[in-house]
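What follows is a set of notes on a single structure, which appears directly below.
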Amino acid sequence: MTSGADVLVVGGGVVGCALARELAGRGARVALAERGQIGGEASGAAAGLLTPQAESMTRGRLFDAGLASRALYPGWIGSLEDETGAEVGYRKTGALVCALTEEEERRLESCLAWQREALLPVETYEGRAIPAALRRHVSPRVRRALFFPDEAFVHCPRLMAALARSLDLRGVRVHVGSTVVQLRVEAGRCRGAGTPAGPLEADAVVDAAGAWAGLLGGLPWDLPVRPVRGQIVALRTEDPPPAVVQSEEVYLVPRSDGKLLAGATVEEAGFRKEVTADGVAGLLAGALRLSPGLGGAAFDGAWAGLRPGSPDGLPMLGESGLPGLWLAAGHFRSGVLLAPWTARALADRMAGAPVPDLAPFSPDRFALASAAGAERDRVGTNDRGEPPV
Ligand SMILES: Cc1cc2nc3c(=O)[nH]c(=O)nc-3n(C[C@H](O)[C@H](O)[C@H](O)COP(=O)(O)OP(=O)(O)OC[C@H]3O[C@@H](n4cnc5c(N)ncnc54)[C@H](O)[C@@H]3O)c2cc1C
């Protein structure tokens, strides 16, 4: 098996597929290797929230990237739907964030303050003044709420199916069921990857293997990506809320297929992608505290996925230090939101353009720490860099 591509993308999640699509759209010959199925891991399991404002209690680099990516979404989805004929369930409903306790209310106040200062659209309501169409979906115990009118969500399984179709239409050679075991390095440059079925040759490789990104053989340093489990419960109700509704405990997403998603847990459980009794019980309890009217909703299943976590919660985007090897990893809780922005910024960077917005996400911040650790191990120093006594 060989592909002779310009770029080989490892991983068929939303990050790998969005990047492969972008590169192919710019005329590159692209191959993609996916161990299982396209969208079979975190990207298919995600709730699909595109809600940077509702999720950010402070302003930061991730928030700015999230806002930029949310702005790209309508055009990105429009072109994907036109190209594939698919409907991917993108809905700009807005999001209502509710405070049920005094402490939560204080946190909402500070969130409101900086978002107003940044001139971002946000409405604020005392509990009793929440517009009736939303108020009847939340507990009378809600003290205060913020409504972010520009927030949206997407139906992730449909998005992933449309991306897969688009890759086909754009001539990307997709190898499903193909596990990359080892990166191929020739004369100090990454030139493809080895799979059990044979080598895949390419001039450049992108590691977009999600929670498994740090496990590829031949990486130049220890990539600190770890799995962070998330569980979601799906409910069915005749009367779902008309927008995303959330508290600090849980979010409720009225997905376009009629499921109301209640998510999500955030758990350190290694690579165990299980739905647990505690996980389901906690989500249901949180959902009922926020929206007591859901007591009669039908239980419609539950699932789990493994988010690609990084030590500082930010993705690693850019060159790896090994020429020819690029990283698009560690998107943690925001990979679906950040996909169009990541694809565009990284494709620009790979074409040689300077992309200042990528600087905060440079993998160098971990490569240097990893090299220092390796050097300490070599000369036998401790964590503070002191030699052993
Ligand atoms: C319950 C839950 C809810 C979430 N909700 C949201 C949300 O509302 N909004 C949001 O923006 N984000 C959300 N996320 C986070 C989001 O799902 C991730 O950030 C995103 O999916 C990461 O995409 P990815 O392509 O990096 O990883 P993945 O989707 O995991 O894709 C990586 C792919 O690489 C493949 N792979 C791994 N190793 C190899 C190998 N050696 N060879 C070949 N292929 C390999 C895997 O099989 C996998 O398909 C949620 C996640 C979970 C679990």
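Give me the accessible area per residue for region 307-362, probe 1.4 Å, as a whole number in Å².
On the way: 1810 Å² over 56 residues.
Averaged over the residues of region 307-362, the accessible area is 32 Å².
Accessible area per residue of region 233-289 at 1.4 Å probe, in Å²?
44 Å²
Which whole-number percent gives the relative contact order of region 164-305, counting Cα pairs below 8 Å spaced six or more residues apart? Walk me through the numbers on the way to the answer.
Details: 230 pairs, mean separation 28.6, N = 142.
It comes to 20 percent, rounded to a whole number.
Using each residue's phi in region 201-211, evaluate 6.51 cos²θ - 1.76 cosθ + 1.60 at θ = phi - 60° and report the 3J(HN,Hα) Karplus result to the nearest Hz, with x for Gly and Pro.
The phi angles translate into 8, 7, 6, 8, 10, 10, 8, 10, 8, x, 4 Hz.
For Cα pairs less than 8 Å apart in space and 6+ apart in sequence, what is the mean separation divided by the residue count of region 227-368, i.e. the relative contact order in percent? Can you show the working numbers first?
Values: 242 pairs, mean separation 34.3, N = 142.
Relative contact order, region 227-368: 24 percent.
Using θ = phi - 60° and the Karplus form 6.51 cos²θ - 1.76 cosθ + 1.60, what ³J(HN,Hα) does each residue of region 43-58 get, whole Hz, x for Gly and Pro?
Taking θ as phi minus 60°, the curve returns 5, x, 8, 5, 6, x, 5, 10, 10, x, 5, 5, 8, 10, 7, 9 Hz for region 43-58.
Need one number: % antiparallel among DSSP beta bridges in the chain, to the nearest 5. Let's see the in-between values first.
Working: 46 of 66 bridges.
Taking every DSSP beta bridge within the chain, about 70 percent pair in antiparallel fashion.
Pick out, from MET160, LEU62, LEU346, the residue whose Cα sits farthest towards the positive end of the charge dipole of the chain, with +1 on the Cβ of Lys and Arg and -1 on the Cβ of Asp and Glu.
Of MET160, LEU62, LEU346, it is MET160.
Just going by the charge dipole of region 51-142, with Lys and Arg at +1 and Asp and Glu at -1 on Cβ, which of VAL88, LEU112, ILE77 is farthest out on the positive end?
LEU112
Thinking of region 1-137 as a set of Cα atoms, what percent of all their pairs are more than 20 Å apart? Walk me through the numbers on the way to the answer.
Details: 5772 of 9316 pairs.
Considering region 1-137, 62 percent of its Cα-Cα pairs are separated by more than 20 Å.
Per residue Cα convex hull volume for the chain, in cubic angstrom? Don't jump to the answer; show the numbers that get you there.
On the way: hull volume 61.9 nm³, N = 389.
Roughly 159 Å³ of hull volume per residue.
In region 110-150, if the dipole is taken from +1 on Lys/Arg beta carbons and -1 on Asp/Glu beta carbons about the Cα centre, which of VAL122, LEU146, ALA133 is farthest to the positive end?
ALA133
With +1 assigned to the C-beta of every Lys and Arg and -1 to the C-beta of every Asp and Glu, and no other charges, what is the dipole magnitude of the chain about the Cα centre in debye, to the nearest 20?
On the way: 41 positive and 45 negative charges, 73 e Å.
Using only the charged Cβ atoms, the result is roughly 360 debye.
Whenever you get a sec, compute what percent of the accessible area on region 281-330 sits on carbon and sulfur atoms (1.4 Å probe).
Summing carbon and sulfur atoms, their accessible area is 61 percent of the total for region 281-330.
So, with +1 on the Cβ of K and R and -1 on the Cβ of D and E, and no other charges, what is the size of the charge dipole of region 67-208 about its Cα centre, to the nearest 20 debye?
Details: 19 positive and 19 negative charges, 65 e Å.
Charge dipole of region 67-208: 320 debye, to the nearest 20.
Please report the spacing between the Cα centers of region 236-267 and region 7-79 in Å, no decimals.
21 Å
For the chain, what relative contact order do you get, as a whole percent, if you take Cα pairs closer than 8 Å and at least 6 residues apart?
On the way: 869 pairs, mean separation 86.5, N = 389.
22 percent.
More than 22 Å apart: what percent of Cα pairs in region 80-200 qualify? All intermediate terms of the calculation are to be shown ahead of the outcome.
Numbers: 4461 of 7260 pairs.
The proportion of pairs with Cα distances above 22 Å equals 61 percent.
Tell me, what % of the accessible area of region 169-248 is carbon and sulfur with a 1.4 angstrom probe?
Values: 1590 of 3260 Å².
Carbon-and-sulfur percentage of accessible area, whole number: 49.
Go ahead and estimate [θ] at 222 nm for the chain from helices alone: -39,500 (n - 2.57) per DSSP H run with n ≥ 4, summed, over the residue count, rounded to 500.
Details: 10 runs with 124 residues, N = 389.
The per-residue figure over the chain is -10000 deg cm²/dmol.
Using θ = phi - 60° and the Karplus relation 6.51 cos²θ - 1.76 cosθ + 1.60, list the HN-Hα couplings for region 4-17 in order, rounded to whole Hz, with x at every Gly or Pro.
x, 8, 6, 9, 10, 9, 9, x, x, x, 5, 6, x, 5
Stretched out fully, how many nm does the piece from THR101 to ASP278 gain, at 0.36 nm a residue minus the Cα gap? Can you show the working numbers first?
Numbers: separation 177, 0.36 × 177 = 63.72 nm, distance 2.32 nm.
Between THR101 and ASP278, full extension yields 61.4 nm more.
Using a 1.4 Å probe over the heavy atoms of the protein chains, calculate the carbon and sulfur portion of the accessible area of region 29-164 as a whole percent.
Values: 3020 of 5860 Å².
Within region 29-164, the accessible surface is 52 percent carbon and sulfur.
Skip the ligands, DNA and RNA, and give the accessible area per residue of region 9-105 with a 1.4 Å probe, whole Å². If you can, show how the numbers build up before the last one.
Details: 3420 Å² over 97 residues.
For region 9-105, the per-residue accessible area is 35 Å².
The values are calculated or read from the model by the stated rules, or taken from the named source; none is laboratory data. In this text, all values refer to a predicted model and were calculated from it rather than measured experimentally. Cβ coordinates were reconstructed from backbone atoms using ideal geometry, including for glycine residues, and neighbour counts include every protein chain displayed. Protein only, heavy atoms only, side chains kept; ligands, DNA and RNA dropped before computing areas. Shrake-Rupley method; radii C 1.70, N 1.55, O 1.52, S 1.80 Å.
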